[in-house]
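Shown next, in structure tokens, is the structure this report addresses.
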Amino acid sequence: MNDAVRTEIDSDAGIGTIVLDRPGQRNPLSSNVMRQVTDGLRSLSANPAIRAVVIAAEGPVFSAGHDLSEMVGRTLDEEQAIFDVCVEMMDAVQLIPQPVIAAVQGPAIAAGCQLAASCDLVVASESAVFGTPGVRIGLFCSTPMVAVSRAVGRKRAMQMLLTGDTIDAATAADWGLVNLVVPPEEVNGQVRSLATRITSASPLTLQIGKQAFYRQIDLPQDQAYSAMAETMASNAVTCDAQEGMTAFLEKRPPVWRGA
């Protein structure tokens, strides 16, 4: 990867971090950057030492969204290609087996807000803000709308989308877009603490659970229960579930063996 995005690996902790690294440009999500993030996610996904992934950013801004300079004077096919790359990146966040945590240290705007909303968990600085202001420049935030509306619900999403106003971190937490809000100097520590608690679980179980969550979330309740009953039964007979239940009954720490 070039200096627009970098990947950091802490094999001992089982944590991989993808860092947006164009702080001087407010970490724009150009097509090139989005491809690099997608490649980074897939690379970390394939690393058996990595059990949790963090998406972070350098500088005062998490991401100001799409690089508008590459969206002016383009054909329909060229514009479509940009958003196809964007969708591929957002899908990759949720398709990799490892939980993905966004470390949002500053404003997350438009596609930057979409990226945070697409992550499984979000830790935000008290100084962070979130917004989908595309309506103000004639480009409605239709793709960010997908992730944001699933996180905060219809009415609140429409408020963000129609007004273009930003919401602060406390409001984002109240609305369900953010899990934790902490002082700026505590973001990295809280992200690591959260990731460490996650990585103590069975990697196989985490993979099963993450995939199941996204599979059931938009199903009607009867279909969700049917699908998840099958999933839980299949999970129960895995080596790690059997080990975990046995260890609980024997009052000892489990030893995970699943991959």
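The values are calculated or read from the model by the stated rules, or taken from the named source; none is laboratory data. Since the model is a prediction, treat every value here as computed from it, not as a measurement. Neighbour counts are summed over all protein chains in view; Cβ atoms, including those assigned to glycine, are modelled from backbone coordinates with ideal geometry.
Considering only segment 189-222, state which residues are out of contact with any helix residue (DSSP H, G or I) (no Cβ under 6 Å at 6 or more places or on another chain) and farther than 18 Å from ILE15 by Cα. Spell out the reasoning first.
As a first pass, look at segment 189-222 and keep what is out of contact with any helix residue (DSSP H, G or I) (no Cβ under 6 Å at 6 or more places or on another chain): 189-201, 203, 206-207, 209-211, 213, 215, 217-222.
Matches in segment 189-222: GLY209, GLN211, PHE213, ARG215, ILE217, ASP218, LEU219, PRO220, GLN221, ASP222.
Tell me the residue from GLY176, GLY153, GLY134, GLY138 that is in contact with a Gly (Cβ under 8 Å, 6 or more places away or on another chain), surrounded by fewer than 16 Cβ atoms within 10 Å (Cβ to Cβ) and modelled with pLDDT of 95 or more, please.
On the way: GLY153 fails: modelled with pLDDT of 95 or more; GLY134 fails: surrounded by fewer than 16 Cβ atoms within 10 Å (Cβ to Cβ); GLY138 fails: in contact with a Gly (Cβ under 8 Å, 6 or more places away or on another chain).
Just one listed residue meets the conditions, GLY176.
Being surrounded by fewer than 23 Cβ atoms within 10 Å (Cβ to Cβ), in contact (Cβ under 8 Å) with a residue 40 or more places away in the chain and on the phi > 0 side of the Ramachandran plot is the filter here, so list the residues in segment 54-83 that pass it.
GLY59
Identify, by number, the condition in (1) part of a helix (DSSP H, G or I); (2) assigned by TED's automatic domain parsing to the domain that holds ILE50; (3) under 17 Å from the mean Cα position of the chain (by Cα) that GLU186 doesn't meet.
Failing condition for GLU186: (3).
Of everything in segment 5-53, what is outside any strand (DSSP E or B), among the hydrophobic types (A, V, I, L, M, F, W, C) and surrounded by 17 or more Cβ atoms within 10 Å (Cβ to Cβ)? Give them in sequence order.
Across segment 5-53, the qualifying residues are VAL33, MET34, VAL37, LEU41, LEU44, ILE50.
I'd like to know if segment 71-80 contains one or more residues that are within 17 Å of VAL37 (Cα to Cα) and of a type in the set (A, V, I, L, M, F, W, C). Please lay out each step first, then the result.
Going residue by residue through segment 71-80, those that are within 17 Å of VAL37 (Cα to Cα) are none.
No, there is no match, as no residue in segment 71-80 is within 17 Å of VAL37 (Cα to Cα) and of a type in the set (A, V, I, L, M, F, W, C).
Answer with yes or no whether VAL123 is modelled with pLDDT of 95 or more and closer than 29 Å to ARG42 by Cα. Please lay out each step first, then the result.
Numbers: modelled with pLDDT of 95 or more: yes; closer than 29 Å to ARG42 by Cα: yes.
For VAL123, the condition - modelled with pLDDT of 95 or more and closer than 29 Å to ARG42 by Cα - is met.
Suppose the filter is within 25 Å of PHE213 (Cα to Cα), assigned by TED's automatic domain parsing to the domain that holds ILE18 and polar (S, T, N, Q); does THR171 pass it? Can you show your working first?
Numbers: within 25 Å of PHE213 (Cα to Cα): yes; assigned by TED's automatic domain parsing to the domain that holds ILE18: yes; polar (S, T, N, Q): yes.
Against the criterion (within 25 Å of PHE213 (Cα to Cα), assigned by TED's automatic domain parsing to the domain that holds ILE18 and polar (S, T, N, Q)), THR171 qualifies.
Does GLU88 satisfy the condition of being in contact with a Lys or Arg (Cβ under 9 Å, 6 or more places away or on another chain), more than 23 Å from GLY209 (Cβ to Cβ), without any contact (Cβ under 8 Å) to a residue 60 or more places away in the chain and in the same structural domain as VAL182 (by TED's automatic domain parsing)?
Numbers: in contact with a Lys or Arg (Cβ under 9 Å, 6 or more places away or on another chain): yes; more than 23 Å from GLY209 (Cβ to Cβ): yes; without any contact (Cβ under 8 Å) to a residue 60 or more places away in the chain: yes; in the same structural domain as VAL182 (by TED's automatic domain parsing): yes.
Yes, satisfied.
Take the conditions at negative phi, part of a helix (DSSP H, G or I), in contact (Cβ under 8 Å) with a residue 60 or more places away in the chain and of a type outside the set (Gly, Ala, Ser) and apply them to LEU206. Does it pass? Break it down stepwise before answering.
On the way: at negative phi: yes; part of a helix (DSSP H, G or I): yes; in contact (Cβ under 8 Å) with a residue 60 or more places away in the chain: yes; of a type outside the set (Gly, Ala, Ser): yes.
Taking the combined requirement at face value, the residue satisfies it.
Within the set of pairs 6+ apart or on separate chains, which have a first residue in segment 245-259 that is under 13 Å from SER200 (Cα atoms), a second that is aromatic (Phe, Trp, Tyr), and C-beta atoms under 8 Å apart?
Correct list of pairs: PRO254/PHE248.
Quick check: anything in segment 164-180 without any contact (Cβ under 8 Å) to a residue 40 or more places away in the chain and of a type in the set (A, V, I, L, M)?
Yes.
Could you please let me know if ALA227 is outside any helix (DSSP H, G or I), of a type in the set (A, V, I, L, M) and farther than 20 Å from ALA117 by Cα? Show your work before the answer.
Values: outside any helix (DSSP H, G or I): no; of a type in the set (A, V, I, L, M): yes; farther than 20 Å from ALA117 by Cα: yes.
Answer is no for this residue.
Condition (residue is under 19 Å from VAL178 (Cα atoms), in a loop (DSSP other than H, G, I, E, B), without any contact (Cβ under 8 Å) to a residue 40 or more places away in the chain and not acidic (Asp, Glu)) applied to segment 117-125: is it met by at least one residue?
So far as segment 117-125 goes, no, none of its residues is under 19 Å from VAL178 (Cα atoms), in a loop (DSSP other than H, G, I, E, B), without any contact (Cβ under 8 Å) to a residue 40 or more places away in the chain and not acidic (Asp, Glu).
Just to check your reading of the model, which residue among ALA241, ALA259, ALA224, ALA247 is of a type in the set (Gly, Ala, Ser), modelled with pLDDT of 95 or more, within 23 Å of ILE96 (Cα to Cα) and out of contact with any Asp or Glu (no Cβ under 9 Å at 6 or more places or on another chain)?
Numbers: ALA259 fails: modelled with pLDDT of 95 or more; ALA224 fails: out of contact with any Asp or Glu (no Cβ under 9 Å at 6 or more places or on another chain); ALA247 fails: within 23 Å of ILE96 (Cα to Cα).
Only one candidate passes the filter, namely ALA241.
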